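For reference, the structure is listed below as C-alpha cells.
The values are calculated or read from the model by the stated rules, or taken from the named source; none is laboratory data. Keep in mind the model is a prediction, meaning the values are calculated, not measured. We place every Cβ from the backbone using ideal geometry, glycine too, and count neighbours over all the protein chains shown.
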Amino acid sequence: MAHPLYVAFVWHQHQPLYKSSAQGNYRLPWVRLHGTKDYLDLVLLLERYPKLHQTVNLVPSLILQLEDYVAGTAFDPYLTLALQPIAHLDETQRHFIIQHFFDANHHTLIDPHPRYAELYEQRHEQGWDWCLKNWEAQDYSDLLAWHNLAWIDPLFWDDPEVANWLAKDRGFTLSDRQRIYSKQRQILSRIIPQHRKMQESGQLEITTTPYTHPILPLLADTDSGRVALPKMVLPEHRFQWAEDIPRHLRKAKQIYRERFGCNPKGLWPSEQSVSPAILPDVAAQGFQWLCSDEAVLGWTLNHTFRRDSSGTLEEPEVLYRPYRLETSQGDLAIVFRDHRLSDLIGFTYGAMEPRQAATDLVGHLESISRSLKVHQGNGSGLDQPWLVTIALDGENCWESYLQDGKPFLERLYRILSDHPSLKLVTVSEFLEQFPPIATLPAEKLHSGSWVDGSFSTWIGDRAKNRAWDLLAAARQTLAKHPEATEEDNPEAWEALYAAEGSDWFWWFGEGHTSSHDAMFDQLFREHLATLYRALNEPIPIEVRSPIEDHLNKREHRPQSFIHPSIDGNGDEQDWEKAGCIEIGGASGTMHRSGFVQRLWYGVDHLNLYLRLDLKMGAQPGVNFPLELHLLWFYPDRPMSTSPAPLQHLPDQPPLDYRFRHHLGINLLTQSLWFQEAGDRAQWQSRLSRAKVAFNTCLEIAIPWADLQIVEPDWSLRLVMVLADEGRYVSYLPEDQLVLVQVP
C-alpha cells in the first residue's frame, strides 16, 4: 500500500499568567491583544480547507484569562487607559502611553496604518519629551484607539464596524474606543466555541498543557538540569516536589472537560520538556501521547541529526515516526517535531514573500518524501506511514508576517489541500490508524526541552537559581501547613501553581530579555507573597526585593531569529531579539578609543546579521578606521585556512588564528570584497551577496550561501578587525569571539 507523507501541524497557544495574585487585576495586555489577533483567525482560516486537519494546544491558564476578558472582569493598565477620558489623564499616564502604546512590530502592525505610523514617527524622530510637550488630546485618543485596532486580525477587517474604524484613520472619540473594546470581547468570546466545534467535526484536535505551564521535570527534581549539562550550577536548595505534577495534570484535564466535553488525548508538556520521572503521572492521568523536540530524541538515541545543504535530514526514518514509551501506568506514544521546519515558520518565513515562503515549506516536505523513498528503495510511493511533526508557538510568530500570516497560510493551505502526496492529519488520528512500532525505553528518555535538549533556559544561572530557591522555600512553607488543603485554602495553592509556571524563569538571568522583565519579576514575587499571606506567614524580605537588577541587564545572547532591514539606521525593534555585547564599557583598546559602543549579532535561515553602534560623530577615515574586516574561524573542522590578510597584527589569540573566510568592508564607500582560504594558505576571491549600510550605525547581512561549506547546526566564531588601508588598528569584541550558531 502506498502512503502519502503525513504531516501533523501542532500550534501551541500560550500566554503567562498576567493576573496579579496581590491586586486581582492584569498587569499586561497580551492575552487580550493576542486573543483578537492570533487564536480565532488561525482556526477560522483552516476551516475553509476541510481536507486539512491540525492540532491546536490551548494552555489552561490561557483559557481562564480569555474567559476573564470575555466576562468583562479583566482589566489591564493598557485597557484602563484606553477607556479613560483624555482630560482625566495625568502626566504619568501620558508618559506611559507614549512609552508603551507602540508595543508592536512597527513594520507589520504600525506602518500599514497612516495615523498610527505618523504618531510613531513623531515619537521616533522627535523623542518622548517632545510628544509629552506637544501632543494634544486628539493625538492621545488616536493612539489609544490604534493600539487596539492594529491588533485586530485582518481576517476581521471586513466586519462593518472594523472597516469603518480603519477608514476613519483619525479623530477617534472615547465612544469609539469603548466600541473597539466591545469588539475585542466579541472576538474573544468565539475562540473556545470555535475550537470545540472544529474538534467535534474532526478537523481539529485540541490538546492541553499542565495547568500553569510548569517545567514538569524540574518540579520532579531540579537536579535533572545536570542530565544534559553535568557541570550546571544548581540552586542552593534542591526542589523535589513530584507530587505537584499530578495536580497540574488533573487541573488541566478538568478545565479541558468543562470546555470541550471530553478528555484530552494529547499533552504538550511545557516547553516540550520531558524526563523519565514525569511519564508515569502523564500515563496515569489518561493521556495517550505527548510531543517533544528532535533534540530530545537525538540525546535519547545518542544520535546526531545531520542535514544536507538544503536542510533535509540524512536519516529521516529516525525522526519521522512516533515512538512508544512503556511506563508502569501504561503505554504512551511520543512524537518529536522537526526543529528546522518549525523554526522556518516561527522565525524565517515572516521575512519572505508569502508565496515564496509557502512554496519553500512545501518544497521541504516534498524533499523529505523523496528522501524517505530513497531510503526505502521505492520510487513510486511511501510503503510506510511516516509522520512529519511541525510544532511551534501559534501566536508570536505572526507579528512579523504580512497581514498576520493570512497570505502565507492561504497560499500554503491551497497548495496542501490539493497536493496528491502530502496529507495533513491530527496527531491522534495518525496514531489511531498507525500505532507506534518502535519503542524507547522510558527510563532512557532524555531529560530536556526544545532548547538544545537542556533546561538551561530555566535554571542554572544566578538569577534563575535565586528564583528557584525562593520557590523552594515557599513550597516548603506550604508543606508545613497540612491543614491548608486545596479545598480549604485554594488561594495558597493557586499562588503556588502560578509561581511554578515556566515563564518567570524564562525571563530571569541569561538568555532572554524584554521591556517587561521587571514586571515578570514582580508578578513572580507577588504569587509567592500571596502564598505566604494565605498561610498567615510573614513574607520573607527576599520576596520583597527584585530577583535581579533589570536596569543594567544589557549584554545577552540572541533570543530569537531576527530579520532586520539593512539600512544603517538600527531599527530598535528589528534588533531587540539579537545578541548584544557591550564594547564601550570594556577595558582595553576599544574602550580607550571609544570607536564602537555596542555589537549586535543574530541570524535567520537566510543570513548572519551584524550591527555596530558607533560613537556619535565617528567618521571613517577621519576619527574612525577606514575598514572593517570580518574573519571566520571554524574550530575542529578540517578545511583549508590562512592567516588574516592584514599588516601589523599582534601575535596573540585570536588574531594569530588561521581563518577560512574573510569579508573586507570599506566604511567610507561601503564597498566590500570577499575571500576564501584555499590550498597553500592562499586567499581566493569569491562572489558575495552581502549587504552593508552605514548611517547612524553599521549594519551587515551575510548570506549563509556565501559561506558555502557551512552546514546547519554548525557553530562558528567570528573576529572583527578595524584597520586603515590593511593595517591593523584594533579588534572586537576584546578577549572573546562572537559565537554564532548556524540554524
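Summary table below
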| item | result |
| --- | --- |
| Matching option when the condition is aliphatic (A, V, I, L, M) and out of contact with any strand residue (DSSP E or B) (no Cβ under 8 Å at 6 or more places or on another chain), among Ile255, Ile215 | Ile215 |
| Residue within the stretch 195-214 that is outside the structural domain of Gly266 (by TED's automatic domain parsing), surrounded by fewer than 22 Cβ atoms within 10 Å (Cβ to Cβ), touching a helix residue (DSSP H, G or I) at 6+ places or on another chain (Cβ under 9 Å) and of a type in the set (Gly, Ala, Ser) present | no |
| Answer from Ala104, Ala22, Ala87 - the residue that is outside the structural domain of Phe156 (by TED's automatic domain parsing), out of contact with any strand residue (DSSP E or B) (no Cβ under 8 Å at 6 or more places or on another chain) and not aromatic (Phe, Trp, Tyr) | Ala22 |
| Close pairs from the stretch 411-438: first buried (at least 16 other Cβ atoms within 10 Å of the Cβ), partner part of a helix (DSSP H, G or I) and basic (Lys, Arg), Cβ under 8 Å, at least 6 apart | Arg411/Arg355 |
| Trp507 being free of Cβ contacts under 8 Å to residues at least 24 places away in the same chain and either crowded, with 17+ Cβ neighbours inside 10 Å or under 25 Å from the mean Cα position of the chain (by Cα) (or both) | yes |
| Selection count where residues are in contact (Cβ under 8 Å) with a residue 24 or more places away in the chain and among the polar types (S, T, N, Q), scope the stretch 174-200 | 5 |
| Spans of strands (runs of 3 or more DSSP E) in the stretch 654-719 with at least 1 residues closer than 14 Å to Leu628 by Cα and not hydroxyl-bearing (Ser, Thr, Tyr) | 661-666, 671-677, 691-694, 698-703 |
| Pair list, Cβ under 9 Å, 6 or more apart: the stretch 1-12 residue closer than 10 Å to Leu424 by Cβ, other residue in a strand (DSSP E or B) and among the hydroxyl-bearing types (Ser, Thr, Tyr) | Val7/Thr389; Ala8/Thr55; Ala8/Thr389; Phe9/Thr55; Phe9/Thr389 |
| Answer residue from the stretch 658-669, given it is surrounded by fewer than 16 Cβ atoms within 10 Å (Cβ to Cβ) and touching a strand residue (DSSP E or B) at 6+ places or on another chain (Cβ under 8 Å) and is nearest to Glu734 (Cα to Cα) among those | Arg658 |
| Residue, surrounded by the fewest Cβ atoms within 10 Å (Cβ to Cβ), within the stretch 147-166, restricted to residues that are without any contact (Cβ under 8 Å) to a residue 12 or more places away in the chain and more than 31 Å from the chain's Cα centre (by Cα) | Pro160 |
| Any hit, the stretch 254-276, residues being more than 19 Å from Asp244 (Cα to Cα), out of contact with any Leu (no Cβ under 6 Å at 6 or more places or on another chain), basic (Lys, Arg) and without any contact (Cβ under 8 Å) to a residue 40 or more places away in the chain | yes |
| Selection within the stretch 357-403 - in contact with a Lys or Arg (Cβ under 9 Å, 6 or more places away or on another chain), within 30 Å of Ala104 (Cα to Cα) and either without any contact (Cβ under 8 Å) to a residue 40 or more places away in the chain or not in a strand (DSSP E or B) (or both) | Ala357, Ala358, Thr359, Glu395, Trp398, Glu399 |
| Residue within the stretch 454-476 that is of a type in the set (Phe, Trp, Tyr), under 24 Å from Leu28 (Cβ atoms), at pLDDT 95 or above and not in a helix (DSSP H, G or I) present | yes |
| Residue match in the stretch 194-202 (condition: among the hydrophobic types (A, V, I, L, M, F, W, C) and closer than 30 Å to Leu496 by Cα) | no |
| Where a residue in the stretch 93-108 is farther than 16 Å from Leu83 by Cβ and in contact (Cβ under 8 Å) with a residue 24 or more places away in the chain and its partner, wherever it lies, is of a type in the set (A, V, I, L, M, F, W, C) and part of a loop (DSSP other than H, G, I, E, B), with Cβ under 8 Å and at least six apart | Ile98/Trp135; Ala104/Ala150; Ala104/Trp151 |
| Test for Tyr26: is it under 28 Å from Ala137 (Cα atoms), within 23 Å of the chain's Cα centre (by Cα) and touching a residue at least 40 places away in the same chain (Cβ under 8 Å) | yes |
| Selected residue (criterion: modelled with the lowest pLDDT) from residues of the stretch 404-422 that are under 15 Å from Tyr49 (Cβ atoms) and in a loop (DSSP other than H, G, I, E, B) | Asp418 |
| Of all residues making up the stretch 699-710, the number that are of a type outside the set (Phe, Trp, Tyr) and surrounded by 15 or more Cβ atoms within 10 Å (Cβ to Cβ) | 7 |
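Residue by residue, here is whether (1) among the charged types (D, E, K, R); (2) in a helix (DSSP H, G or I) holds:
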| residue | (1), (2) |
| --- | --- |
| Arg170 | yes, no |
| Ile192 | no, yes |
| Glu200 | yes, yes |
| Glu205 | yes, no |
| Thr212 | no, no |
| Leu218 | no, yes |
